[in-house]
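Taking it in order: structure first as structure tokens, then the write-up.
The values are calculated or read from the model by the stated rules, or taken from the named source; none is laboratory data. Note that the structure is a prediction, hence the values are computed from the model and not measured. Counting neighbours? That spans all protein chains shown, and the Cβs are built from the backbone with ideal geometry, glycine included. Accessible surface is based on the protein model in full, side chains and every heavy atom, while ligands, DNA and RNA are left aside. Shrake-Rupley method; radii C 1.70, N 1.55, O 1.52, S 1.80 Å.
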Amino acid sequence: MKSLSRLMVPALAMAALMGSQLVQARELPDFTQLVKDSAPAVVNIATTTEIQRSSGPVFRGPNGEEMPEFFKRFFGDQLPGPGRGGVEKRSSLGSGFIISDDGYIMTNAHVIDGADEVMVRLNDRRELKAQVVGEDKKTDIALLKVKAEDLPTLPMGDSDALEVGEWVAAIGSPFGFDHSVTAGIVSAIDRTLPSDAYVPFIQTDVAINPGNSGGPLFDLDGDVVGINSQIYTRSGGFMGVSFAIPINVAMDVADKLKTDGRVDRGWLGVVIQPVSKDLAESFGLDRARGALIADLDPDGPAAAAGLKSGDIITAVDGKAVESSAYLPRMVGTSSPGDSLKLSILRDGKSQTLTAKVGHWPGSEQAHAGKASDDKQGLGVAVAELDKASLNELNLDHGVRVMEVDPQGVAAEAGISAGDVLVELNQQPLTSVQALRDVVAKLPTNRPVSLRLVRNGRPLYIALRMRADSDK
């Protein structure tokens, strides 16, 4: 009898383990129906761009692809390509999804950036030429339109209701493989990335790879809660950290692109910096929070509202500014002409000021001469300096950078808000208009020098205008 009992114990344990595994399996989400319902409205996007090739040899891989500089030393002269020159067509792949049955499609701006032709392949294998209705590089959203009717669409969810730990799934075309499905959980919400100040990203561990960009991120109800945009990687492939643009942000941008073809953002005209623990203590804050105004445009909305250097903005319309990274996003989502109630700390005392938001400099409505931030520019908002500021910096001329477009040429070169631009391509920058004039004549085939002053110290950097910056 004892022998029988000893045999029954492991058998019962095994049965209990199998029962536990079956229960766990039943608790795991099943995305089968979600994929069946949603896949027809997810599309593949292919772009073609014509570029002017320079002369000289080019190294190519076994499939004819141009090899990066890193690989050239390994292949050496074994894989020389034909001499360059003339026009070369380059193609790229991405994803998107249909948001209205009359042919409007949403994707990432970087998927179609600079493209001469955009083709959309539907789930039924139809290929349609798409028109770019508009793109917003600050949020990485683009809106396309194809000539078609009665197309399948996806339901939009509420990204503000997402919680960390929720299951989510992505459908896209990684490496060109159509309608690939991956799943994971929401790892974090409201992430701010260094180069994207206007987007409160959703972080997930959903596998995202090249070609997934622009595809939808779903919750378990099958509603779109985000647009897969980028990954953090050291290898070029997926490493467990993906970022999606919240659908609430994306739809707001899409509506503006559909109506106006562009997004006109609100602007305060301030240079801000983070509030460290020591700064918080020195200013009388209970903890490190808010956005410290380091400088401001004397003719900008913030100055007109009575804000000063040294003020700490702690809330906008009652919503706490937990860090300086939050402020551009909170102001940028407002429209020019809106009034914002700014809670500030000044001289250790709290007070509230009302600022009427202005147009982001460089937009069509912004007054001329205030800044340079058009498609032909560097991607910066700048303000002229008064004599006192110039004397303090020991300069005869210069313009101060107020804001930097994270997707612009200036950001690529390392220009930051607060920098004072003194000379560009050996030409003095005596005014905002002078900057515009110099930028308009910059070559696109070679780097040019920029002299600036940062934190009181002179510095030279090189920047290169993009070949497609005038498109």
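Within the stretch 421-444, is even one residue part of a helix (DSSP H, G or I) and among the hydroxyl-bearing types (Ser, Thr, Tyr)? Can you show your working first?
First pass over the stretch 421-444, keeping only residues part of a helix (DSSP H, G or I): 432-440.
If we keep only those that are among the hydroxyl-bearing types (Ser, Thr, Tyr) too, we end up with none.
Within the stretch 421-444, not a single residue is part of a helix (DSSP H, G or I) and among the hydroxyl-bearing types (Ser, Thr, Tyr).
Name the residues in the stretch 345-356 that are buried (at least 18 other Cβ atoms within 10 Å of the Cβ) and touching a Lys or Arg at 6+ places or on another chain (Cβ under 9 Å), would you? So that I can check it myself, show each step before the final result.
Step one: of the stretch 345-356, the residues buried (at least 18 other Cβ atoms within 10 Å of the Cβ) are 345, 355.
Selection gives ALA355 alone.
What do you reckon, is VAL404 closer than 24 Å to GLN230 by Cβ and either β-branched (Val, Ile, Thr) or without any contact (Cβ under 8 Å) to a residue 60 or more places away in the chain (or both)? Let's see the steps before the verdict.
Details: closer than 24 Å to GLN230 by Cβ: yes; either β-branched (Val, Ile, Thr) or without any contact (Cβ under 8 Å) to a residue 60 or more places away in the chain (or both): yes.
The answer is yes for VAL404.
Output the residues belonging to the stretch 176-197 that are touching a residue at least 40 places away in the same chain (Cβ under 8 Å) and in contact with a Pro (Cβ under 6 Å, 6 or more places away or on another chain).
SER195, ASP196, ALA197, listed by residue number.
In this structure, does THR153 turn out to be part of a loop (DSSP other than H, G, I, E, B), open to solvent by 50 Å² or more (accessible area, probe 1.4 Å) and either touching a strand residue (DSSP E or B) at 6+ places or on another chain (Cβ under 7 Å) or closer than 30 Å to VAL321 by Cα (or both)? Can you show your working first?
Working: part of a loop (DSSP other than H, G, I, E, B): yes; open to solvent by 50 Å² or more (accessible area, probe 1.4 Å): yes; either touching a strand residue (DSSP E or B) at 6+ places or on another chain (Cβ under 7 Å) or closer than 30 Å to VAL321 by Cα (or both): yes.
For THR153, the condition - part of a loop (DSSP other than H, G, I, E, B), open to solvent by 50 Å² or more (accessible area, probe 1.4 Å) and either touching a strand residue (DSSP E or B) at 6+ places or on another chain (Cβ under 7 Å) or closer than 30 Å to VAL321 by Cα (or both) - is met.
Can you tell me which residue within the stretch 409-456, out of those that are in contact (Cβ under 8 Å) with a residue 60 or more places away in the chain and farther than 30 Å from LEU292 by Cα, is most open to solvent (accessible area, probe 1.4 Å)?
Step one: filter the stretch 409-456 for residues in contact (Cβ under 8 Å) with a residue 60 or more places away in the chain, giving 409, 411, 417-418, 431-433, 435-436, 439-440, 445, 453, 456.
Next, only the ones that are farther than 30 Å from LEU292 by Cα stay: 439-440, 445.
Numbers: VAL439: 7, ALA440: 82, ASN445: 120 Å².
Top of the filtered list is ASN445.
Where in the stretch 251-337 are the strands (runs of 3 or more DSSP E), entirely inside, with at least 3 residues that are surrounded by 15 or more Cβ atoms within 10 Å (Cβ to Cβ) and modelled with pLDDT under 90?
On the way: elements: 270-274, 291-296, 312-316.
Filter on the stretch 251-337 gives 270-274.
Taking the condition closer than 23 Å to ARG265 by Cα, surrounded by 21 or more Cβ atoms within 10 Å (Cβ to Cβ), touching a helix residue (DSSP H, G or I) at 6+ places or on another chain (Cβ under 7 Å) and of a type in the set (D, E, K, R), does GLU403 pass? Step through it out loud before you land on a result.
Values: closer than 23 Å to ARG265 by Cα: yes; surrounded by 21 or more Cβ atoms within 10 Å (Cβ to Cβ): yes; touching a helix residue (DSSP H, G or I) at 6+ places or on another chain (Cβ under 7 Å): no; of a type in the set (D, E, K, R): yes.
Answer is no for this residue.
Which condition from (1) open to solvent by 30 Å² or more (accessible area, probe 1.4 Å); (2) touching a Ser or Thr at 6+ places or on another chain (Cβ under 7 Å); (3) within 24 Å of THR47 (Cα to Cα) is the one that SER187 breaks?
SER187 satisfies all of (1) open to solvent by 30 Å² or more (accessible area, probe 1.4 Å); (2) touching a Ser or Thr at 6+ places or on another chain (Cβ under 7 Å); (3) within 24 Å of THR47 (Cα to Cα) except (3).
Given the structure, is ARG451 at pLDDT 85 or above and either touching an Asp or Glu at 6+ places or on another chain (Cβ under 7 Å) or aromatic (Phe, Trp, Tyr) (or both)? Lay out the reasoning, then the answer.
Working: at pLDDT 85 or above: yes; either touching an Asp or Glu at 6+ places or on another chain (Cβ under 7 Å) or aromatic (Phe, Trp, Tyr) (or both): yes.
So ARG451 fits the description; yes.
Can you tell which of GLY240, GLY226, GLY236, GLY214 is buried (at least 24 other Cβ atoms within 10 Å of the Cβ) and outside any strand (DSSP E or B)?
Details: GLY240 fails: buried (at least 24 other Cβ atoms within 10 Å of the Cβ); GLY226 fails: outside any strand (DSSP E or B); GLY236 fails: buried (at least 24 other Cβ atoms within 10 Å of the Cβ).
Among GLY240, GLY226, GLY236, GLY214, only GLY214 is buried (at least 24 other Cβ atoms within 10 Å of the Cβ) and outside any strand (DSSP E or B).
Every residue in the stretch 162-180 that is under 12 Å from PRO29 (Cβ atoms) and part of a strand (DSSP E or B), please.
Our first condition is that a residue be under 12 Å from PRO29 (Cβ atoms); within the stretch 162-180, this holds for 166-169.
Within the stretch 162-180, TRP167, VAL168, ALA169 meet the criteria.
From the residues in the stretch 97-136 that are in a loop (DSSP other than H, G, I, E, B) and in contact with a Lys or Arg (Cβ under 8 Å, 6 or more places away or on another chain), which one is farthest from LYS256 (Cα to Cα)? It would help to see each step written out before you state the result.
If we filter the stretch 97-136 for residues that are in a loop (DSSP other than H, G, I, E, B), which is where we start, we get 99-103, 108, 113-116, 122-126, 130.
Narrowing the set further to residues that are in contact with a Lys or Arg (Cβ under 8 Å, 6 or more places away or on another chain) leaves 103, 113-114, 130.
On the way: GLY103: 17, ASP113: 18, GLY114: 21, ALA130: 19 Å.
Among those that are in a loop (DSSP other than H, G, I, E, B) and in contact with a Lys or Arg (Cβ under 8 Å, 6 or more places away or on another chain), it is GLY114.
For the stretch 299-318, enumerate the residues that are more than 18 Å from GLY348 (Cα to Cα) and more than 29 Å from the chain's Cα centre (by Cα). Please lay out each step first, then the result.
Of the stretch 299-318, the ones more than 18 Å from GLY348 (Cα to Cα) are 299-305, 316-318.
Scanning the stretch 299-318 gives ALA304, ALA305.
In the stretch 110-149, how many residues are in contact with an Asp or Glu (Cβ under 8 Å, 6 or more places away or on another chain), surrounded by fewer than 23 Cβ atoms within 10 Å (Cβ to Cβ) and either free of Cβ contacts under 8 Å to residues at least 60 places away in the same chain or among the acidic types (Asp, Glu) (or both)?
Count: 5.
Could you grab the pairs with beta carbons closer than 7 Å, sequence gap of 6+ or different chains, first residue in the stretch 267-285 and under 18 Å from ASN455 (Cα atoms), second one among the acidic types (Asp, Glu) and open to solvent by less than 50 Å² (accessible area, probe 1.4 Å)?
Sorted first by the residue in the stretch 267-285, then by its partner, the pairs are VAL271/ASP295.
When residues of the stretch 250-274 are filtered for being within 18 Å of VAL132 (Cα to Cα) and among the polar types (S, T, N, Q), how many remain?
Of the stretch 250-274, the ones within 18 Å of VAL132 (Cα to Cα) are 250-264.
Remaining after also requiring among the polar types (S, T, N, Q): 259.
Adding up the residues that qualify gives 1.
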